[in-house]
Amino acid sequence: VPQTLWLAVLGIFTAVYLAFCALQAGYLFGAFSRTLPEGYTVAEYARQGFFSLCRVMAVNFALLWLVTRACVKPVRQEKTLLLLCAVLLCQSLVFAAIAASKLYLYISSYGFTPRRLQSAWLIAVLAAGTGCALYSLVTGKKAVRYWMLFSAATLMLLSLY
């Protein structure tokens, strides 16, 4: 697939995410200031943040996989494409921080439960995977092994609870 098509697709995705964050800033970042949107309970707010993160990560990782596999030239050789992929991954990290803040608000209000801890673990695993993907993208070194080790080690620790 030509590089210009991927540039357009990634540009559209990053612009949509930026516009969405700008338009929905009060809703998205409300948990950082412990402010609930009108009409939401803490549980609904946290659950919606968690499942939004899962959807965003699925779309972003699928798009990143397509770009890295189907582009005419390797992404690392095209600086603009590399930059847009990095921005997409950084936006994924922002969504992980938003989901974590909503979950933290929920946990601080009602305490830990096994499902809340599992949700926190998955947010951490997705954020670590995003960080590893960003590292791999920038350096060209494979980091999936470290992500898997982190995931396995933290899952073992989680099972002790």
Checklist outcome for this item: Over the range 62-96, the set of residues under 20 Å from residue 19 (Cα atoms) and of a type in the set (Phe, Trp, Tyr) is 95
Checklist outcome for this item: Cβ pairs under 7 Å, 6+ apart or interchain, first in the range 1-28 and assigned to a helix (DSSP H, G or I), second of a type in the set (Asp, Glu), ordered by first then second residue, are 3/78
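Looking at the range 59-74, can you tell me whether even one residue there is out of contact with any His (no Cβ under 6 Å at 6 or more places or on another chain) and more than 21 Å from residue 85 (Cβ to Cβ)?
Going residue by residue through the range 59-74, those that are out of contact with any His (no Cβ under 6 Å at 6 or more places or on another chain) are 59-74.
In the following step, the residues that additionally are more than 21 Å from residue 85 (Cβ to Cβ) were identified as none.
Looking through the range 59-74, none of the residues is out of contact with any His (no Cβ under 6 Å at 6 or more places or on another chain) and more than 21 Å from residue 85 (Cβ to Cβ).
For the range 56-75, indicate whether the set of residues that are outside any helix (DSSP H, G or I), at pLDDT below 95, open to solvent by less than 30 Å² (accessible area, probe 1.4 Å) and closer than 26 Å to residue 5 by Cβ is non-empty.
Of the range 56-75, the ones outside any helix (DSSP H, G or I) are 71-74.
Then drop every residue that is not at pLDDT below 95, which leaves 71-74.
This time we only want the ones that are open to solvent by less than 30 Å² (accessible area, probe 1.4 Å), so: 71.
Right, trim to closer than 26 Å to residue 5 by Cβ and you get 71.
Within the range 56-75, one or more residues are outside any helix (DSSP H, G or I), at pLDDT below 95, open to solvent by less than 30 Å² (accessible area, probe 1.4 Å) and closer than 26 Å to residue 5 by Cβ.
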Checklist entry - Can you tell me which residue in the range 33-53 is farthest from residue 84 (Cα to Cα), limited to those that are of a type in the set (A, V, I, L, M, F, W, C) and surrounded by 14 or more Cβ atoms within 10 Å (Cβ to Cβ)? => result 42
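Here is a check on your reading of the model: is residue 133 small (Gly, Ala, Ser), surrounded by fewer than 17 Cβ atoms within 10 Å (Cβ to Cβ), part of a helix (DSSP H, G or I) and under 14 Å from the mean Cα position of the chain (by Cα)?
Working: small (Gly, Ala, Ser): yes; surrounded by fewer than 17 Cβ atoms within 10 Å (Cβ to Cβ): no; part of a helix (DSSP H, G or I): yes; under 14 Å from the mean Cα position of the chain (by Cα): yes.
Answer is no for this residue.
The values are calculated or read from the model by the stated rules, or taken from the named source; none is laboratory data. Bear in mind the structure is a predicted one, so any value in this text is a computation, not a measurement. Cβ: placed from backbone, ideal geometry, glycine included. Neighbour counts: every protein chain shown. Quick note on the areas: whole protein, heavy atoms, side chains included, nothing else; ligands and nucleic acids left out. Shrake-Rupley method; radii C 1.70, N 1.55, O 1.52, S 1.80 Å.
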